[in-house]
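A short reminder: the numbers here are calculations on the coordinates, not readings from a lab. Treat the numbers as computed from the prediction; the structure is a model and nothing was measured. Note: ideal-geometry Cβ built from the backbone for every residue, glycine included; neighbour counts use all protein chains shown.
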Amino acid sequence: MVDLPVSSATSLARRRERPEGNGVQGEHGRRLTVDVRAALLDAYATLGGVCEAEDVLARMREVHEQPLSVLARLIVHRELVAVAWHGTTLLPAFQLDRSSWLPRPEVRRVVRQLRDVQDDLELALWFAAGNASLGGCYPAELIGSDVEAVVDAARIERFIARW
């Protein structure tokens, strides 16, 4: 197995109150912003962590002639889980095949079900949250052992989102 710099954390997502700006409406009309990186680190702490795209590119250079083009195409076409954050792109490690550094085929199947109804962060967090259709298990945990159940859960999510 090849070592890849992977970040993980067990702290809760840091939230700070702001009177205006992006975020979600909190109590008393104040807006809450979520530190996206901290939220992903927390969500994926037990699921293999989160990689920065630059680290994945360094590994892809060993097996691909045009790694930047390959990764950029995957991100633009939303063939993998990728979240932009402060000038970098964060990639949950569970989805990567460690020999090719491409997204695992089963991950692509699930992403294709959800990419039109969820934004990048929602998609990333969907894989790392308990899912009622999966008996409370995380999709990222089950995708290697029961891909059909995860695909079905994604289809249900897509149906609900479009309804």
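Residues whose amide H falls under 5 Å from that of Leu96, counting only those 5 or more places apart or on a different chain, are Arg104, with hydrogens built in the peptide plane. The ranking of Trp126, Trp101, Trp163 from fewest to most other beta carbons within 10 Å of each one's beta carbon is Trp163, Trp126, Trp101.
Note that the stretch 37-50 has calculated 3J(HN,Hα) couplings of 4, 5, 5, 5, 4, 5, 4, 9, 4, 9, 10, x, x, 10 Hz, one per residue in order, obtained from phi through the Karplus relation 6.51 cos²θ - 1.76 cosθ + 1.60 (θ = phi - 60°); glycine and proline are x. For the stretch 74-87, the Karplus equation 6.51 cos²θ - 1.76 cosθ + 1.60, evaluated at θ = phi - 60°, returns couplings of 4, 5, 4, 8, 6, 9, 8, 8, 8, 10, 6, 8, 6, x Hz by residue, with Gly and Pro reported as x.
Under a point-charge model restricted to the Cβ atoms of Lys and Arg (+1) and Asp and Glu (-1), what is the dipole moment magnitude of the stretch 15-162 relative to its Cα centre, in debye to the nearest 20? The partial results should precede the final answer.
Values: 19 positive and 22 negative charges, 55 e Å.
That gives the stretch 15-162 a dipole magnitude of about 260 debye.
Once backbone amide H atoms are built at 1.01 Å from N, Thr89 has Ala53, Glu54 as its partners under 5 Å, excluding neighbours fewer than 5 places away on the same chain.
First obtain the Kirkwood hydrodynamic radius of the stretch 15-162 from its Cα pairs, then insert it into the Stokes-Einstein equation at 20 °C and 1.002 mPa s, and state the resulting D in µm² per second as a whole number.
Numbers: Rh = 16.2 Å.
The diffusion coefficient I find is 132 µm²/s.
The ranking of Arg108, Arg162 from fewest to most other beta carbons within 10 Å of each one's beta carbon is Arg162, Arg108.
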